[in-house]
Amino acid sequence: VKLGGSYEAFVGGLSSNMRYNMRRKEKKLLAAHPRARLTLVSSNSELSRSLDQLFFLHGQRWESKGQTGNFVRESVRAFHRRACPQLLSAGILRLYALQLDARMDVASLYCLRSGSREFYLQAGMSPQFEGLSAGFCLMKLVVERCAREGLDEFDMLRGTEGYKSHWATEEHR
(Lines give C-alpha, C1' and ligand atoms only; values in the text may rest on other atoms or scores of the structure.)
Protein backbone atom coordinates (compact mmCIF):
# COMPACT_ATOMS: atom_id res chain seq x y z
CA VAL A 1 0.00 0.00 0.00
CA LYS A 2 1.68 3.21 -1.13
CA LEU A 3 0.89 5.89 1.43
CA GLY A 4 2.40 8.87 -0.35
CA GLY A 5 3.68 10.33 2.90
CA SER A 6 0.24 11.56 4.01
CA TYR A 7 -3.20 10.17 4.76
CA GLU A 8 -4.82 12.53 2.26
CA ALA A 9 -2.51 11.28 -0.53
CA PHE A 10 -3.30 7.67 0.35
CA VAL A 11 -7.08 8.20 0.47
CA GLY A 12 -6.94 10.21 -2.75
CA GLY A 13 -5.50 7.19 -4.54
CA LEU A 14 -8.33 4.88 -3.48
CA SER A 15 -11.48 4.18 -5.44
CA SER A 16 -14.59 6.09 -4.44
CA ASN A 17 -16.13 2.75 -3.44
CA MET A 18 -13.25 2.01 -1.03
CA ARG A 19 -13.44 5.51 0.47
CA TYR A 20 -17.19 5.03 0.96
CA ASN A 21 -16.67 1.62 2.61
CA MET A 22 -14.02 3.02 4.95
CA ARG A 23 -16.38 5.77 6.16
CA ARG A 24 -19.44 3.50 6.36
CA LYS A 25 -17.76 0.67 8.27
CA GLU A 26 -16.01 2.94 10.76
CA LYS A 27 -19.26 4.87 11.35
CA LYS A 28 -21.14 1.60 11.98
CA LEU A 29 -18.51 0.39 14.46
CA LEU A 30 -18.49 3.72 16.32
CA ALA A 31 -22.30 3.84 16.45
CA ALA A 32 -22.29 0.48 18.24
CA HIS A 33 -19.16 1.19 20.33
CA PRO A 34 -18.49 4.94 20.62
CA ARG A 35 -15.47 4.34 22.87
CA ALA A 36 -13.70 2.11 20.33
CA ARG A 37 -10.07 3.05 19.91
CA LEU A 38 -6.77 2.00 18.41
CA THR A 39 -4.07 1.03 20.88
CA LEU A 40 -0.37 0.46 20.32
CA VAL A 41 1.89 -1.40 22.73
CA SER A 42 4.52 1.00 23.99
CA SER A 43 6.01 -0.78 27.01
CA ASN A 44 7.10 -4.25 28.07
CA SER A 45 4.48 -4.18 30.82
CA GLU A 46 1.74 -4.20 28.15
CA LEU A 47 3.45 -6.67 25.85
CA SER A 48 2.65 -10.03 27.45
CA ARG A 49 -1.10 -9.37 27.65
CA SER A 50 -1.20 -7.97 24.12
CA LEU A 51 0.68 -10.95 22.67
CA ASP A 52 -1.66 -13.34 24.48
CA GLN A 53 -4.61 -11.46 22.98
CA LEU A 54 -3.06 -11.62 19.50
CA PHE A 55 -2.50 -15.39 19.84
CA PHE A 56 -6.05 -15.90 21.13
CA LEU A 57 -7.73 -13.73 18.47
CA HIS A 58 -5.60 -15.23 15.69
CA GLY A 59 -6.60 -18.72 16.83
CA GLN A 60 -10.27 -17.75 17.06
CA ARG A 61 -10.29 -16.37 13.54
CA TRP A 62 -8.69 -19.45 12.00
CA GLU A 63 -10.78 -21.83 14.10
CA SER A 64 -13.94 -20.15 12.78
CA LYS A 65 -12.75 -21.19 9.30
CA GLY A 66 -12.04 -24.77 10.41
CA GLN A 67 -8.28 -24.28 10.29
CA THR A 68 -5.38 -23.67 12.65
CA GLY A 69 -3.40 -20.47 12.68
CA ASN A 70 0.31 -19.78 12.80
CA PHE A 71 0.47 -19.54 16.58
CA VAL A 72 -0.93 -23.00 17.32
CA ARG A 73 2.41 -24.43 18.50
CA GLU A 74 3.82 -23.33 21.84
CA SER A 75 7.32 -23.18 20.34
CA VAL A 76 6.13 -20.52 17.84
CA ARG A 77 4.44 -18.48 20.59
CA ALA A 78 7.57 -18.80 22.75
CA PHE A 79 9.72 -17.49 19.89
CA HIS A 80 7.54 -14.38 19.57
CA ARG A 81 7.49 -13.90 23.35
CA ARG A 82 11.32 -13.91 23.31
CA ALA A 83 11.73 -11.72 20.21
CA CYS A 84 9.08 -9.07 20.85
CA PRO A 85 10.66 -7.36 23.88
CA GLN A 86 13.84 -6.84 21.87
CA LEU A 87 11.89 -5.64 18.83
CA LEU A 88 9.90 -3.26 21.02
CA SER A 89 13.00 -1.77 22.66
CA ALA A 90 14.54 -1.29 19.20
CA GLY A 91 11.45 0.60 18.03
CA ILE A 92 10.62 -2.05 15.42
CA LEU A 93 7.61 -3.84 16.93
CA ARG A 94 4.20 -2.36 16.24
CA LEU A 95 1.51 -4.37 18.02
CA TYR A 96 -1.88 -2.73 17.52
CA ALA A 97 -5.29 -3.60 18.88
CA LEU A 98 -8.82 -2.40 18.36
CA GLN A 99 -10.44 -2.02 21.77
CA LEU A 100 -14.18 -1.57 22.06
CA ASP A 101 -13.98 -0.67 25.71
CA ALA A 102 -11.37 -0.74 28.45
CA ARG A 103 -9.13 -3.79 27.98
CA MET A 104 -11.40 -5.58 25.47
CA ASP A 105 -9.36 -6.26 22.34
CA VAL A 106 -11.47 -7.55 19.45
CA ALA A 107 -8.79 -7.40 16.75
CA SER A 108 -4.98 -7.30 16.74
CA LEU A 109 -2.40 -6.46 14.11
CA TYR A 110 1.26 -7.51 14.46
CA CYS A 111 3.60 -5.36 12.37
CA LEU A 112 7.27 -4.47 12.15
CA ARG A 113 8.59 -1.06 11.13
CA SER A 114 11.77 -0.33 9.25
CA GLY A 115 12.56 3.13 8.01
CA SER A 116 9.52 4.51 6.19
CA ARG A 117 7.84 1.11 5.76
CA GLU A 118 5.55 -0.88 7.99
CA PHE A 119 5.35 -4.65 7.43
CA TYR A 120 2.15 -6.50 8.33
CA LEU A 121 2.98 -9.96 9.69
CA GLN A 122 -0.09 -11.41 11.40
CA ALA A 123 -3.52 -10.49 12.63
CA GLY A 124 -6.28 -11.82 14.79
CA MET A 125 -9.93 -10.97 15.11
CA SER A 126 -12.87 -12.17 17.13
CA PRO A 127 -15.42 -13.69 14.72
CA GLN A 128 -18.07 -12.31 17.09
CA PHE A 129 -17.31 -8.82 15.75
CA GLU A 130 -17.07 -9.67 12.06
CA GLY A 131 -20.50 -8.09 11.51
CA LEU A 132 -19.03 -4.79 12.67
CA SER A 133 -16.05 -5.17 10.31
CA ALA A 134 -13.66 -5.02 13.27
CA GLY A 135 -10.72 -6.35 11.23
CA PHE A 136 -11.36 -3.92 8.38
CA CYS A 137 -11.68 -1.01 10.81
CA LEU A 138 -8.46 -1.96 12.57
CA MET A 139 -6.64 -2.11 9.23
CA LYS A 140 -8.07 1.30 8.29
CA LEU A 141 -6.95 2.85 11.58
CA VAL A 142 -3.45 1.37 11.33
CA VAL A 143 -2.96 2.40 7.71
CA GLU A 144 -4.26 5.87 8.58
CA ARG A 145 -1.84 6.15 11.51
CA CYS A 146 1.09 5.03 9.35
CA ALA A 147 0.19 7.57 6.67
CA ARG A 148 -0.23 10.37 9.23
CA GLU A 149 3.18 9.48 10.67
CA GLY A 150 4.65 10.10 7.21
CA LEU A 151 5.45 6.51 6.24
CA ASP A 152 5.76 5.77 2.53
CA GLU A 153 4.46 2.22 2.48
CA PHE A 154 2.38 -0.34 4.38
CA ASP A 155 3.58 -3.71 3.08
CA MET A 156 1.19 -6.66 3.42
CA LEU A 157 3.96 -9.06 2.44
CA ARG A 158 3.22 -12.31 0.65
CA GLY A 159 -0.15 -13.79 -0.16
CA THR A 160 -3.07 -12.95 -2.37
CA GLU A 161 -5.84 -12.91 0.21
CA GLY A 162 -8.88 -11.04 -1.07
CA TYR A 163 -8.83 -8.30 1.54
CA LYS A 164 -5.34 -7.26 0.42
CA SER A 165 -6.62 -6.28 -3.01
CA HIS A 166 -9.01 -3.79 -1.37
CA TRP A 167 -6.11 -1.92 0.21
CA ALA A 168 -3.13 -2.48 -2.07
CA THR A 169 -2.27 0.11 -4.66
CA GLU A 170 0.29 -2.15 -6.33
CA GLU A 171 1.82 -5.61 -6.04
CA HIS A 172 5.47 -6.50 -5.91
CA ARG A 173 7.09 -9.89 -5.87
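The values are calculated or read from the model by the stated rules, or taken from the named source; none is laboratory data. Keep in mind it's a predicted model, so treat the numbers as computed, not measured. Neighbour counts run over all protein chains shown; Cβ positions are idealised from the backbone, glycine included. Remember, those area values only see protein heavy atoms, side chains included, never the ligands or the DNA or RNA. Shrake-Rupley method; radii C 1.70, N 1.55, O 1.52, S 1.80 Å.
Select from region 69-78 the residues that are within 19 Å of the chain's Cα centre (by Cα) and more than 8 Å from Gly124 (Cβ to Cβ) and write down the one among them that is most open to solvent (accessible area, probe 1.4 Å). If we take residues in region 69-78 being within 19 Å of the chain's Cα centre (by Cα) and more than 8 Å from Gly124 (Cβ to Cβ), then Asn70 is most open to solvent (accessible area, probe 1.4 Å).
Only residues that are modelled with pLDDT under 95, part of a helix (DSSP H, G or I) and more than 19 Å from Arg148 (Cα to Cα) were counted in region 10-24, giving 4.
Pairing residues of region 47-58 that are in contact (Cβ under 8 Å) with a residue 40 or more places away in the chain with residues that are open to solvent by less than 20 Å² (accessible area, probe 1.4 Å) and of a type in the set (Ser, Thr, Tyr), at Cβ distances under 8 Å and at least 6 apart in sequence or on separate chains, gives Ser50/Ser108; Gln53/Ser108; Leu54/Ser108; Leu54/Tyr110; Leu57/Ser108; Leu57/Ser126; His58/Ser108.
Residues in region 84-98 that are within 14 Å of Gln53 (Cβ to Cβ) and under 12 Å from the mean Cα position of the chain (by Cα): 4 in all. Test Arg173 against the criterion of being modelled with pLDDT under 90, open to solvent by 40 Å² or more (accessible area, probe 1.4 Å) and charged (D, E, K, R), and give yes or no. When the stated conditions are applied, Arg173 passes them. Of the listed requirements (1) open to solvent by 80 Å² or more (accessible area, probe 1.4 Å); (2) under 22 Å from Glu153 (Cα atoms); (3) touching a residue at least 60 places away in the same chain (Cβ under 8 Å), Asn17 misses just one: (3). Among residues of region 89-100 that are modelled with pLDDT under 95 and of a type in the set (Asp, Glu), none has a Cβ under 7 angstrom from a residue that is open to solvent by 50 Å² or more (accessible area, probe 1.4 Å) and not in a helix (DSSP H, G or I) at a sequence gap of 6+ or on a separate chain. Ala32 falls short on exactly one of the conditions (1) open to solvent by 70 Å² or more (accessible area, probe 1.4 Å); (2) more than 15 Å from the chain's Cα centre (by Cα), and that condition is (1). Taking the criterion of being out of contact with any strand residue (DSSP E or B) (no Cβ under 8 Å at 6 or more places or on another chain) and either open to solvent by 50 Å² or more (accessible area, probe 1.4 Å) or farther than 21 Å from Tyr7 by Cα (or both), the residues of region 141-161 that qualify are Arg148, Glu149, Arg158, Gly159, Thr160, Glu161. Within region 47-66, identify whether any single residue is of a type in the set (D, E, K, R), open to solvent by 50 Å² or more (accessible area, probe 1.4 Å) and touching an Asp or Glu at 6+ places or on another chain (Cβ under 6 Å), and answer yes or no. No - not one qualifying residue is present in region 47-66. Residues that are assigned to a helix (DSSP H, G or I) and surrounded by fewer than 20 Cβ atoms within 10 Å (Cβ to Cβ) within region 81-100 comprise Arg81, Arg82, Ala83, Pro85, Gln86, Leu87, Leu88, Ser89, listed in sequence order.
When you scan region 117-140, how many residues do you find that are outside any strand (DSSP E or B) and open to solvent by 50 Å² or more (accessible area, probe 1.4 Å)? Steps first, please.
In the first step, residues of region 117-140 are kept if they are outside any strand (DSSP E or B); the result is 126-140.
Filter once more, keeping what is open to solvent by 50 Å² or more (accessible area, probe 1.4 Å): 128, 130-131.
Final tally of qualifying residues: 3.
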